[in-house]
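This report refers to the structure that appears directly beneath it.
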Amino acid sequence: MTQKFSHDSYVRSVLKDPARTAELLRLASRKNSNLAQFLATVNLDTLQEISEAFSDTATHGDGDLAFTVKLESDEPKQAELLVGIIEEHKSYPETGIIPQLVKYWFQIMFRNQKNIPTVAIVLYNGKDPFRIEKEVMYPNYPEYYHKIGLPFLLEVVDVSEIFEDFEIPLISPKIALALVALKYVFNGEKLKKHLKPAMAGLKSLPREEAEELLSQTFVYLKKWFKGDAKEQFKMDFKKCSEVYGYKSIAEVEEEELEAKIKDTKLEMVDAMFTNTKLTDEEIAVISGFTVDDIQKHRAQR
């Protein structure tokens, strides 16, 4: 199925690359002393994503990322020790985040990474303040149980505090555009103001790579505007992107529509698999897919 670009999936598409996550952590640590203290203990050049194969889809959402990183040390034995990082994104304060993160930690780190020490980092871009340092694991239990601590260190990184607007040209292109999108997704006027300088850096990327990120950013952002605001956003985005000769917004929307149509048709195929005795050849005629496509989709179920 085609990926749907919500907050989580957009963040994942940008930060899946360890180098970009490393850059984000370095930027955020400038104003987050706890994060700076953590980064001083590790070598971010050794950051590696933990494959999705290590996770259980029942407890590992679309937006979650996990990494390992080695300690920064001159002692060979200590330098080989691993630390785990769980990277989670939130766009609104969520009361159930602690048990959610504990499940991720247990599945990703405890069961599959030999119980290495872990830091959970929540990247937050919501409108309201989000402070969860005082939360406890068992708030519904008597106070005695509140002393039971988390099995990991927890840091909240607020996107609004990561960078100043004048720094946009100094940040790598993909991180700059993603941070502007996340920081101003709920503020159309500021998004309009800072979108162009964020896009300017994309000129240094290969055209195909720049177009892919622009398409993902456009699809992500337009979901959060309604009515006249959505039309204004589309015009602003079009002006910014066409300055650099990138793929037109009309093409992006056409591709998005085609993807949605394909998803709908595949859902229909799934229903025919389950509820009818039609042959693959008959399903192909009805759906418009080739027989090979139908057989491949059946095999993937």
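When residue 42 is tested against (1) farther than 29 Å from residue 138 by Cβ; (2) among the β-branched types (Val, Ile, Thr); (3) modelled with pLDDT under 95, only condition (3) is not met. Here residue 233 does not qualify as of a type in the set (Phe, Trp, Tyr), open to solvent by less than 20 Å² (accessible area, probe 1.4 Å) and either assigned to a loop (DSSP other than H, G, I, E, B) or under 19 Å from residue 12 (Cα atoms) (or both). Against the numbered list (1) open to solvent by less than 40 Å² (accessible area, probe 1.4 Å); (2) within 28 Å of residue 101 (Cβ to Cβ); (3) of a type outside the set (A, V, I, L, M, F, W, C), residue 167 comes up short only at (2). A single entry from 201, 149 fulfils the requirement of being at pLDDT below 90 and surrounded by 13 or more Cβ atoms within 10 Å (Cβ to Cβ): 201. Within region 94-134, which residues are under 21 Å from residue 159 (Cα atoms), open to solvent by 90 Å² or more (accessible area, probe 1.4 Å) and not polar (S, T, N, Q)? 127, 128, 129, 131, 133, 134 - these are the residues of region 94-134 that are under 21 Å from residue 159 (Cα atoms), open to solvent by 90 Å² or more (accessible area, probe 1.4 Å) and not polar (S, T, N, Q). The requirement of being modelled with pLDDT of 85 or more, open to solvent by 20 Å² or more (accessible area, probe 1.4 Å) and under 18 Å from the mean Cα position of the chain (by Cα) is satisfied by residue 183.
Which residues, counting only those in region 157-208, are of a type in the set (Ser, Thr, Tyr) and over 21 Å from residue 128 (Cα atoms)?
If the condition is that a residue be of a type in the set (Ser, Thr, Tyr) and over 21 Å from residue 128 (Cα atoms), then 172, 204 are the ones that fit.
If you take the residues in region 204-218 that are without any contact (Cβ under 8 Å) to a residue 24 or more places away in the chain and over 20 Å from the mean Cα position of the chain (by Cα), which one is most open to solvent (accessible area, probe 1.4 Å)? Checked region 204-218; the qualifying residue most open to solvent (accessible area, probe 1.4 Å) is 208. It is to be established whether one or more residues within region 8-16 are modelled with pLDDT under 95, of a type in the set (Val, Ile, Thr), open to solvent by less than 30 Å² (accessible area, probe 1.4 Å) and not in a strand (DSSP E or B). Yes, some residue in region 8-16 is modelled with pLDDT under 95, of a type in the set (Val, Ile, Thr), open to solvent by less than 30 Å² (accessible area, probe 1.4 Å) and not in a strand (DSSP E or B).
When 65, 81, 35 are screened for being over 30 Å from residue 270 (Cα atoms), open to solvent by less than 30 Å² (accessible area, probe 1.4 Å) and either modelled with pLDDT under 95 or among the aliphatic types (A, V, I, L, M) (or both), only 35 passes.
Of everything listed in (1) of a type outside the set (Phe, Trp, Tyr); (2) within 16 Å of residue 197 (Cβ to Cβ); (3) part of a strand (DSSP E or B), the single unmet condition for residue 174 is (3).
Against the definition (in a strand (DSSP E or B) and among the charged types (D, E, K, R)), how does residue 155 come out, yes or no?
Numbers: in a strand (DSSP E or B): yes; among the charged types (D, E, K, R): yes.
In short, yes.
Residues of region 45-62 that are open to solvent by less than 80 Å² (accessible area, probe 1.4 Å), modelled with pLDDT under 95 and of a type outside the set (Val, Ile, Thr): 49, 51, 55, 56, 60, 61.
The values are calculated or read from the model by the stated rules, or taken from the named source; none is laboratory data. Predicted model only: the values in this text are computed from it and were never measured. Heads up, the Cβs are rebuilt from the backbone with ideal geometry, glycines too, and the neighbour counts pull from every protein chain shown. Just so you know, the surface numbers come from the protein's heavy atoms only, side chains and all, with ligands and any DNA or RNA stripped out. Shrake-Rupley method; radii C 1.70, N 1.55, O 1.52, S 1.80 Å.
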